[in-house]
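Here's the structure, in structure tokens; my notes come after.
The values are calculated or read from the model by the stated rules, or taken from the named source; none is laboratory data. Every value quoted in this text rests on a predicted model; they were computed, and no experiment measured them. Cβ: placed from backbone, ideal geometry, glycine included. Neighbour counts: every protein chain shown.
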Amino acid sequence: MKDPKLKPQLRFQINPGGWFEGGSSVEYTTNDWRLERPVINLDKCVGCLYCWIYCPEPAIIPLDREGRGPTKVEVDYDHCKGCGICAQVCPTKAIEMVREEVKV
Amino acid sequence: MIYEVRIHGRGGQGAVLAGRLLGEAAMNTGFYAQSFPEFGAERSGAPVTAYTRVADEPIESRSPVRYPHFVLSIDMYLSVDRQIVSGLRDGGIIVVNSTVQPDKVRDVLGLSGRDVKVAAVDATRIALEALGRNNPNTTVLGAFAAVSKIIPVDSIADAARRWFPGKVGEANADAVARGAREVTVV
Amino acid sequence: MCPGLSHQGHRDGQRGGEGVVELGERLEYKKMLLTGDDAVAYAVKQSRVDLVAAYPITPQTVIVERIAEFAANGEFEGEFVPVESEHSAMSACVGGALTGARVFTATASQGLALMHEILYAAASMRLPMAMAVANRALNAPLNIHNDHSDIMGSRDSGWIILFSESPEEAYDRVIQAFKISESVDLPVAVNLDAFTLTHSAEIVRMLPDEVIARFVGRPPRRPTLLDERSKSFGLMALPDTYQYFKDDHYRSMEESPPSIRRVEEEYKGISGRSYEPIKKYALEDADVVMIMLGSYAGTARMAARRMRSEGHKVGVLSLGWYRPFPKREILDAVEDADTLVVMDRALSYGAPANPLMTDIITMLYEAGMRKRIINVAYGLGGGEFTEDDARTLLEYALKEGPRREFFFYYGGRE
């Protein structure tokens with residue numbers, strides 16, 4: 001018989017009142033939420049950062065922040081959910097949405 | 001008799017609606033039916049679970065389904081996630097949306113040697129072709145109807161037509177039919 | 001400043017001066033004639049409160065006004081935030097407490113009702129804070145006078161709930177409330193009856209600023225919004241985790257009595273004033289015990305005293321703590337009594353019994369005690385209750401009667 005007073009152990013610590021260490025959403029990856037992944041063609045990218053502004057996650061990471069010239073970007077695929085807004089707003093059509101395939 | 005169905009998908013794909021349409025089709029076939037989702041943070045893309053019960057007598061239990069006869073996976077990633085077969089009964093059926101062959105799916109889900117039917121259908125592709133968007137729910141339902149033979153495929157298609165009047169309904173009815181035709185079973 | 005209220009007397013070593021009384025070497029206080037509202041405002045000023053966010057509502061208004069005055073005069077060191085509603089007041093207190101600040105608010109009646117939603121957040125987020133509730137009836141009909149409907153409506157929000165019987169007790173309990181709440185991580189509501197306490201001026205033996213300052217100290221460190229390493233508060237907990245938080249909150253209330261007792265004892269050390277979970281009057285051999293909450297307990301004691309002198313075995317028990325409910329103490333006190341008169345100043349429509357009656361009867365059942373119990377709804381919306389009224393009820397209870405009964409006691413003359 002199961003003990004009716006059983007309190008299952010949780011995988012994480014519960015703090016009184018329910019506070020939690022910040023940054024937990026970094027650990028929560030959403031890389032398997034996507035139907036399509038954004039692929040950036042850096043030859044076409046002019047570094048306008050529209051995608052960076054519009055990305056709701058944010059999963060667009062600016063590159064070369066220290067250097068001169070336009071800032072190019074890359075995608076944080078661990079947290080990109082594949083919404084495709086970046087591809088929509090890109091003025092030079094440098095972002096292509098590519099179907100994800102599940103391999104086993 | 002009572003059949004319990006658990007449906008796995010992601011927010012926005014139509015897992016909850018799949019449960020609902022299955023319930024409607026069951027009702028129109030003459031069964032008692034019940035359909036409800038596992039409520040949570042409603043986010044597009046987050047894992048979602050929905051339940052449907054189909055029975056020939058009134059259904060009194062309103063608890064989540066722990067030991068399903070049938071598992072449906074609408075999402076291609078979840079289709080190869082072992083968590084979805086938790087509690088699946090012997091003699092049961094699992095229908096997944098996947099490009100992976102069903103015998104391979106059986107291995108991945110750890111169902112080798114179990115008395116369980118595994119069926120797979122490339123529902124994402126069919127949905128994109130038939131509907132122009134990523135809603136593989138009706139396709140998976142069509143596949144499930146064809147494999148389980150409890151509720152006629154046409155009943156599912158009718159439920160989809162009633163839910164989406166006009167062109168969208170026809171497109172979904174088409175997706176149901178294609179799911180039923182293109183499903184492969186081992 | 002309110003005229004006639006000097007609060008400088010106890011400063012600058014004016015020992016032995018007029019109104020300043022020395023208690024041995026260390027205990028001293030200044031006698032002042034203060035209303036309950038004034039007394040609470042002084043308690044807040046002395047308790048090194050960082051944030052007061054409040055909205056005025058009769059009969060608590062004076063508390064807020066007085067603190068605003070203190071702030072305007074530079075006598076209150078904390079932040080006074082006038083807000084646009086009680087909902088905002090409690091929300092601001094939650095925010096303040098999350099920064100680690102010591103916070104206070106005061107309200108009454110409809111104001112407490114408007115806070116209702118956030119009361120639960122404050123309690124289940126385990127935030128220390130103190131609130132004074134000037135107990136007042138709820139509409140309808142519109143009524144600004146005293147009963148306990150307001151706090152009974154918030155009874156199950158998970159706050160520690162204390163009752164006071166005099167302006168001085170309100171002063172003392174508010175000071176203690178900060179320390180209690182910070183030692184058990186639960187908010188504390190101190191109740192004082194509308195008008196009978198909030199607006200009646202009585203002698204309050206105010207303790208020196210520095211004594212209170214030392215007593216309350218600074219709030220202990222806890223995780224806050226301002227921490228170097230960021231934290232999230234007030235998160236969502238779905239069915240898989242929610243119960244763990246409720247379990248934790250429930251346990252914290254169950255385990256709070258020793259901490260509350262410790263603060264009461266410490267306070268006795270600085271003030272010479274002793275507080276306990278219940279106040280007992282003539283209970284040892286009492287056949288009839290009247291059980292009460294709030295300011296009319298004194299009236300009942302006066303009646304009981306006279307009846308005792310006439311040879312009637314009657315006593316009065318009043319509760320200083322309401323949540324956590326002092327079961328053990330009450331049971332010990334009423335064990336030998338035949339008849340209890342349980343006095344409710346709030347109703348629970350359609351319930352098996354009214355709030356205090358429900359608590360008492362549950363407690364007796366658990367202890368296997370069977371007694372005659374008379375449940376009386378009295379003093380609703382400020383309904384008058386005098387010594388004669390208490391006597392009428394006690395005399396009634398001394399006679400034979402049904403084992404259980406309930407009635408509205410209207411009071412007034414024949």
| Would you call C:SER183 within 16 Å of the chain's Cα centre (by Cα), among the polar types (S, T, N, Q), under 30 Å from C:LEU317 (Cβ atoms) and not assigned by TED's automatic domain parsing to the domain that holds C:PHE385? | no
| remark: Flagged in region C:223-265 as among the acidic types (Asp, Glu) and surrounded by 13 or more Cβ atoms within 10 Å (Cβ to Cβ), in numbering order, are C:ASP227, C:ASP248, C:GLU264
| Hits in region A:9-31 (condition: surrounded by fewer than 17 Cβ atoms within 10 Å (Cβ to Cβ) and more than 14 Å from chain C (Cβ to nearest Cβ)) | A:THR29, A:ASN31
| said: For region B:58-78, give me each residue that is closer than 17 Å to B:ILE93 by Cα and away from chain A (no Cβ under 14 Å). | reply: B:VAL65, B:TYR67, B:PRO68, B:HIS69, B:PHE70, B:VAL71, B:LEU72
| request: Might you check whether a residue that is modelled with pLDDT under 90 and within 11 Å of the chain's Cα centre (by Cα) occurs anywhere in region A:6-22? | output: no
| field | Candidate set from region C:299-336 (those that are among the small types (Gly, Ala, Ser) and touching a Lys or Arg at 6+ places or on another chain (Cβ under 7 Å)); member that is nearest to C:GLU255 (Cα to Cα) | value | C:GLY320
| What residue, of C:MET152, C:MET125, is in contact with a helix residue (DSSP H, G or I) (Cβ under 7 Å, 6 or more places away or on another chain), in the same structural domain as C:MET253 (by TED's automatic domain parsing), among the aliphatic types (A, V, I, L, M) and within 21 Å of C:ASN354 (Cβ to Cβ)? | C:MET152
| request: Taking A:VAL39 as the residue in question, decide whether it is assigned to a loop (DSSP other than H, G, I, E, B), β-branched (Val, Ile, Thr) and either over 11 Å from the mean Cα position of the chain (by Cα) or within 29 Å of B:ASP122 (Cα to Cα) (or both). | output: no
| If you check C:SER157, C:SER166, which single one turns out to be more than 13 Å from the chain's Cα centre (by Cα), hydroxyl-bearing (Ser, Thr, Tyr) and surrounded by fewer than 23 Cβ atoms within 10 Å (Cβ to Cβ)? | C:SER157
| field | Residue ID - farthest from the chain's Cα centre (by Cα), chosen from residues in region B:58-85 that are of a type in the set (S, T, N, Q) and surrounded by fewer than 22 Cβ atoms within 10 Å (Cβ to Cβ) | value | B:SER61
| task | Mind telling me which of the residues C:VAL94, C:VAL103 ends up being closer than 19 Å to A:PHE20 by Cα, in the same structural domain as C:ILE57 (by TED's automatic domain parsing) and more than 16 Å from the chain's Cα centre (by Cα)? | result | C:VAL94
| said: I'd like to check something: does region C:293-301 contain any residue that is away from chain A (no Cβ under 14 Å), closer than 21 Å to C:MET357 by Cβ and without any contact (Cβ under 8 Å) to a residue 24 or more places away in the chain? | reply: yes
| Restricting attention to region A:69-104, and to residues there that are of a type in the set (D, E, K, R) and either over 17 Å from the mean Cα position of the chain (by Cα) or more than 12 Å from chain B (Cβ to nearest Cβ) (or both), which single residue is nearest to A:TYR28 (Cα to Cα)? | A:ASP78
| task | Could you tell me whether region A:29-37 includes any residue that is touching a residue at least 40 places away in the same chain (Cβ under 8 Å), acidic (Asp, Glu), more than 30 Å from C:PHE245 (Cα to Cα) and out of contact with any Phe, Trp or Tyr (no Cβ under 6 Å at 6 or more places or on another chain)? | result | yes
| request: State whether the residues of region C:172-182 include one that is surrounded by fewer than 24 Cβ atoms within 10 Å (Cβ to Cβ), among the aromatic types (Phe, Trp, Tyr) and more than 14 Å from chain A (Cβ to nearest Cβ). | output: no
| query | Residues that are away from every other protein chain (no Cβ under 14 Å) and over 23 Å from B:LEU88 (Cβ atoms): which helices (runs of 4 or more DSSP H) entirely in region B:99-174 hold 1 or more of them? | reply | B:123-131, B:153-163
| remark: Taking region C:233-289 and keeping residues within 30 Å of C:GLU28 (Cβ to Cβ), free of Cβ contacts under 8 Å to residues at least 12 places away in the same chain and more than 19 Å from the chain's Cα centre (by Cα) leaves C:GLY269
| request: Restricting attention to strands (runs of 3 or more DSSP E) lying wholly within region C:299-367, give those where 1 or more residues are assigned by TED's automatic domain parsing to the domain that holds C:LEU398 and aromatic (Phe, Trp, Tyr). | output: C:321-323
| query | Do you know which residues across region B:28-57 are within 12 Å of another protein chain (Cβ to nearest Cβ) and loosely packed, with under 11 Cβ neighbours inside 10 Å? | reply | B:ALA41
| query | Limited to region C:223-254, what total is found for residues that are outside any helix (DSSP H, G or I) and at the interface with chain A (Cβ under 8 Å from one of its Cβ atoms)? | reply | 10
| note | Among residues of region C:197-222 being crowded, with 24+ Cβ neighbours inside 10 Å and in a loop (DSSP other than H, G, I, E, B), the residue farthest from the chain's Cα centre (by Cα) is C:LEU207
